[in-house]
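**Student:** Sharing a structure with you now.
The values are calculated or read from the model by the stated rules, or taken from the named source; none is laboratory data. Remember, it's a predicted structure, so these values are computed and weren't measured experimentally. Neighbour counts are summed over all protein chains in view; Cβ atoms, including those assigned to glycine, are modelled from backbone coordinates with ideal geometry.
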Amino acid sequence: MPLSLHAAIIPSKLQILRSGKGWLDKAESCGIPEAELVEARLIDDMLPFAYQVKSMADHSKGAIEGVRAGVFTPKFKDTPPATFAEMRSLLDDAIAFLESVTEEEMESFIGKDMRFEIGEKKLPFTAEDFLLTFSQTNFFFHACTAYGVLRMKGVAVGKLDYLGALRLKAA
């Protein structure tokens, strides 16, 4: 049986979104001031931790909404979350949203035209190519960056925290 678009996108994003909630739990209890972590960056010209978490939601829930609308535009003007509670709420919202997306709807996207727009730049995609080559890669970039920021700041997260709940074969 071929892999469905839903199977290629939704379970992996849910896995990492749930992992992200665990990173927030560890960050919240590590003793480093919340404001310091919220604004932490790997390097000065990179956006802060809070933006990385927001982008995880944007490239999960927002990507599906973009496909539905036929256009995805980054939400740069949205204020990034200022607290762990706000970040957790974004992740919870993205999780609930993705859990509601059906396989039938995802399969109906295949072949549908859509665009990525940022300023004057307009990139044409099919829905499946947008989701697999643009949105999914951006999602994992921002997740890895958020995880890396916490590691760099000394939060006790490890590879298993990043991986989260694996989909293991039942015995």
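**Student:** Which of the residues that make up segment 100-122 are touching a Gly at 6+ places or on another chain (Cβ under 9 Å) and either at pLDDT below 95 or closer than 26 Å to Y51 by Cβ (or both)?
**Tutor:** Going through segment 100-122, the residues touching a Gly at 6+ places or on another chain (Cβ under 9 Å) turn out to be 112-116.
Correct list: M114, R115, F116.
**Student:** A further question on this structure: With under 20 Å from A27 (Cα atoms) and surrounded by 13 or more Cβ atoms within 10 Å (Cβ to Cβ) as the only criterion, which of G148, G158 stands out? Break it down stepwise before answering.
**Tutor:** Details: G158 fails: surrounded by 13 or more Cβ atoms within 10 Å (Cβ to Cβ).
Exactly one residue qualifies, and that residue is G148.
**Student:** Moving on. Has segment 91-106 got any residue that is touching an Asp or Glu at 6+ places or on another chain (Cβ under 8 Å), in contact (Cβ under 8 Å) with a residue 24 or more places away in the chain and more than 26 Å from G148 (Cβ to Cβ)?
**Tutor:** no
**Student:** While we're on this one: What helices (runs of 4 or more DSSP H) lie completely within segment 1-89 and have 2 or more residues being in contact with a helix residue (DSSP H, G or I) (Cβ under 8 Å, 6 or more places away or on another chain) and closer than 18 Å to F141 by Cβ? It would help to see each step written out before you state the result.
**Tutor:** Numbers: elements: 5-28, 34-38, 49-58, 61-69.
Passing ranges, in order: 5-28, 49-58, 61-69.
**Student:** Kindly indicate whether M114 is part of a helix (DSSP H, G or I), in contact with a helix residue (DSSP H, G or I) (Cβ under 8 Å, 6 or more places away or on another chain), on the phi < 0 side of the Ramachandran plot and buried (at least 16 other Cβ atoms within 10 Å of the Cβ).
**Tutor:** Working: part of a helix (DSSP H, G or I): no; in contact with a helix residue (DSSP H, G or I) (Cβ under 8 Å, 6 or more places away or on another chain): yes; on the phi < 0 side of the Ramachandran plot: yes; buried (at least 16 other Cβ atoms within 10 Å of the Cβ): yes.
Answer is no for this residue.
**Student:** Identify the single condition in (1) surrounded by 14 or more Cβ atoms within 10 Å (Cβ to Cβ); (2) part of a helix (DSSP H, G or I); (3) modelled with pLDDT of 95 or more; (4) touching a Ser or Thr at 6+ places or on another chain (Cβ under 9 Å) that F125 does not satisfy, given that it satisfies every other one.
**Tutor:** (2)
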